[in-house]
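Worksheet: the structure to be examined is printed underneath.
The values are calculated or read from the model by the stated rules, or taken from the named source; none is laboratory data. Keep in mind the model is a prediction, meaning the values are calculated, not measured. Please note: Cβ atoms are built from the backbone with ideal geometry, for glycine as well, and neighbour counts cover all protein chains shown. When the accessible area is computed, the model is the full protein with side chains, heavy atoms only, and any ligands, DNA or RNA have been set aside. Shrake-Rupley method; radii C 1.70, N 1.55, O 1.52, S 1.80 Å.
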Amino acid sequence: SLTSASHCGLTATFELRREISLVTTAYNDDTVWEIDLGTGTRTAYATGLGSISGIANDARGQLYVVDGTCGVGRVVGPDGARTFERVGDAPAGCSRMTIGPDGALYVAGGLSVNRIDLFGGTTSTHTTLTTASSPCSGAFLTGLTFDAAGALYLAEHWPNVYRVAPDGTESLFADAPLGALTCGDVPWNEGLTFGPDGRLYVGVFPSNNQAGFVWSVGASGGTGTALLGLAELRAAVPSTTYAGIHGVSFGLDGTLYFTNQNTASSTLEPLGQVLAREPSGTIRLLASGLNFDWPRGYDGDLIVNTE
């Protein structure tokens with residue numbers, strides 16, 4: 001709301017937005033999928049682009065992806081004939097990607113993050129973590145996101161999340177609640193996103209197919225708190241057999257969207273799910289039948305499309 005006393009003589013412009021769909025990737029389908037939030041219909045947004053890992057979209061809704069050669073490009077063209085138009089390169093070992101507050105693409109790989117200037121067309125190294133120290137077979141990055149103040153958060157596969165301030169200062173921000181998980185379960189912190197409550201939410205994908213879960217941590221960091229896992233998924237959606245969470249993303253109303261592997265191992269079965277946890281706590285199945293990758297698991301990231 002605006003008052004005339006505080007805005008006398010000024011013009012106020014309002015923008016209304018609504019959610020229309022979710023976009024996710026399924027490695028074994030070789031497909032970028034779009035899920036209509038009104039009807040639940042799942043359609044192929046793009047096929048034949050190769051092994052897609054990270055995805056992101058800019059303020060205009062332009063979709064960007066990371067391909068199997070660690071090339072970064074925009075997805076262009078009409079329905080049924082979309083193609084990959086290269087704009088830059090991700091670091092070796094490429095994983096996930098996000099749009100920064102400056103409108104540039106930030107792409108993780110190994111322990112480095114590249115910045116791709118979409119206006120100038122240049123790729124540079126934004127940061128390389130020097131403090132990462134995972135006890136599980138060495139550290140590598142599996143997720144990234146920005147907060148509202150412009151700090152970059154980077155998840156190593158297990159168990160830590162690091163914060164890189166706008167001035168480049170890096171620090172340990174949070175660690176996952178370990179529960180019964182060990183390095184032998186090969187757990188990965190995958191999707192990262194901030195919720196409307198200011199907390200950071202993280203999806204965990206382990207090779208232990210019973211143990212995937214979503215955890216969150218407050219703005220001050222520390223050890224996270226488990227939010228939901230296999231027990232909650234089975235209770236809400238009885239067709240759920242296994243838990244391995246890939247991507248996480250929030251809707252405008254505070255609904256948490258996430259993807260679940262839902263296979264026993266590398267079975268190449270189309271059992272993957274897209275689910276929603278409403279602010280009330282109710283969990284709903286939005287779509288199923290996706291063939292997510294195992295064990296690499298960089299697919300299944302989620303974007304909420306709005307108009």
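Residue count for segment 5-54, restricted to those that are within 27 Å of A92 (Cβ to Cβ) and part of a strand (DSSP E or B): 8. Within segment 5-32, the set of residues being open to solvent by 40 Å² or more (accessible area, probe 1.4 Å) and of a type in the set (A, V, I, L, M, F, W, C) comprises A5, C8, L10, A12, F14, L16, I20. Considering only residues that are farther than 20 Å from D29 by Cβ, assigned to a loop (DSSP other than H, G, I, E, B) and open to solvent by 10 Å² or more (accessible area, probe 1.4 Å), which ones fall in segment 252-281? Correct list: L252, D253, G254, E278, P279, S280, G281. When each of P101, P135 is tested for being assigned to a loop (DSSP other than H, G, I, E, B), surrounded by fewer than 22 Cβ atoms within 10 Å (Cβ to Cβ) and in contact with a helix residue (DSSP H, G or I) (Cβ under 8 Å, 6 or more places away or on another chain), the lone residue that passes is P135.
Pick from segment 190-217 the residues that are of a type in the set (S, T, N, Q) and modelled with pLDDT under 95: which of them is surrounded by the most Cβ atoms within 10 Å (Cβ to Cβ)? Write out each step before concluding.
Residues of segment 190-217 of a type in the set (S, T, N, Q): 193, 207-210, 216.
Cutting the leftovers down to modelled with pLDDT under 95 gives us 207-210.
Details: S207: 17, N208: 17, N209: 20, Q210: 15.
Only one residue tops the list, namely N209.
Scanning segment 146-204 for residues that are of a type in the set (A, V, I, L, M, F, W, C), more than 16 Å from G218 (Cα to Cα) and in a loop (DSSP other than H, G, I, E, B) turns up W158, A165, L178, A180, L181, V186.
Answer yes or no as to whether S220 is part of a loop (DSSP other than H, G, I, E, B) and either free of Cβ contacts under 8 Å to residues at least 24 places away in the same chain or surrounded by fewer than 22 Cβ atoms within 10 Å (Cβ to Cβ) (or both). Judged against the criteria, S220 is a match.
Answer with yes or no whether L37 is under 30 Å from T127 (Cβ atoms) and in contact (Cβ under 8 Å) with a residue 60 or more places away in the chain.
On the way: under 30 Å from T127 (Cβ atoms): no; in contact (Cβ under 8 Å) with a residue 60 or more places away in the chain: yes.
Judged against the criteria, L37 is not a match.
Within segment 225-251, restricting attention to residues that are farther than 19 Å from R42 by Cα and β-branched (V, I, T), the residue that is least open to solvent (accessible area, probe 1.4 Å) is I245.
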